[in-house]
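The values are calculated or read from the model by the stated rules, or taken from the named source; none is laboratory data. The structure presented is a predicted model; accordingly, all values stated were derived computationally and were not measured. A quick note on method: Cβ atoms are made from the backbone with ideal geometry, for glycine too, and the neighbour counts reach across all protein chains shown. Note: areas computed on protein heavy atoms with side chains; ligands, DNA, RNA excluded. Shrake-Rupley method; radii C 1.70, N 1.55, O 1.52, S 1.80 Å.
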Amino acid sequence: MKIRTMKELLNAEVICGEDGLENHVYSACGSDMMSDVLAYVKDQAVLMTGLVNSQVIRTAEMMDMHCIVFVRSKKPTAEMIELAKESGVVILCTTKRMYEACGILYSNGLVGNKVRA
């Protein structure tokens, strides 16, 4: 799925990374706990979260994620936006709740991989 398609499905606003909207992503995860993302997530290209702090950007960077979707109308800070730009991470924001946003993307073909144990 293209990031642009995710944007349209979620009626999301592009905060940064407009040039990455044509990139394809094949899996996603949803979590507000970055320790769980670091411990259990593998090969996920998209992070869905409502947590707004710089650790989200750092986690996405460490996990080689291409896109972060902030749910529940959460907005990243200027510092977070700058970090995402430096890392080449696309940031989207949607008014949808996590459960709904994940469900929309899943039902349109974006899956989650197995978590590593």
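Of note:
- Which numbered condition Thr49 misses (of (1) surrounded by fewer than 18 Cβ atoms within 10 Å (Cβ to Cβ); (2) touching a helix residue (DSSP H, G or I) at 6+ places or on another chain (Cβ under 7 Å)): (1)
- Subset of the stretch 1-17 [open to solvent by less than 70 Å² (accessible area, probe 1.4 Å) and closer than 15 Å to Cys93 by Cβ]: Ile3, Met6, Lys7, Leu9, Leu10, Ala12, Val14, Ile15, Cys16, Gly17
- Criterion applied to Lys85, Lys96 was being open to solvent by 10 Å² or more (accessible area, probe 1.4 Å), of a type in the set (D, E, K, R) and not in a helix (DSSP H, G or I), and the one residue passing it is Lys96.
- Hits in the stretch 18-33 - residues which are farther than 15 Å from Cys102 by Cα and either open to solvent by less than 20 Å² (accessible area, probe 1.4 Å) or under 10 Å from the mean Cα position of the chain (by Cα) (or both): Gly20, Leu21
- Applying the set (1) under 13 Å from Ile15 (Cα atoms); (2) free of Cβ contacts under 8 Å to residues at least 40 places away in the same chain to Lys75 leaves exactly one unmet item: (2).
- For Val71, the requirement of being within 16 Å of Met34 (Cβ to Cβ), among the hydrophobic types (A, V, I, L, M, F, W, C), open to solvent by 40 Å² or more (accessible area, probe 1.4 Å) and touching a Lys or Arg at 6+ places or on another chain (Cβ under 7 Å) is not met.
- If you go through the stretch 52-67 and pick out every residue that is touching a Ser or Thr at 6+ places or on another chain (Cβ under 7 Å), open to solvent by less than 70 Å² (accessible area, probe 1.4 Å) and closer than 19 Å to Gly112 by Cα, you end up with 1.
- Inside the stretch 99-117, residues that are open to solvent by less than 40 Å² (accessible area, probe 1.4 Å) and free of Cβ contacts under 8 Å to residues at least 40 places away in the same chain make up a count of 1.
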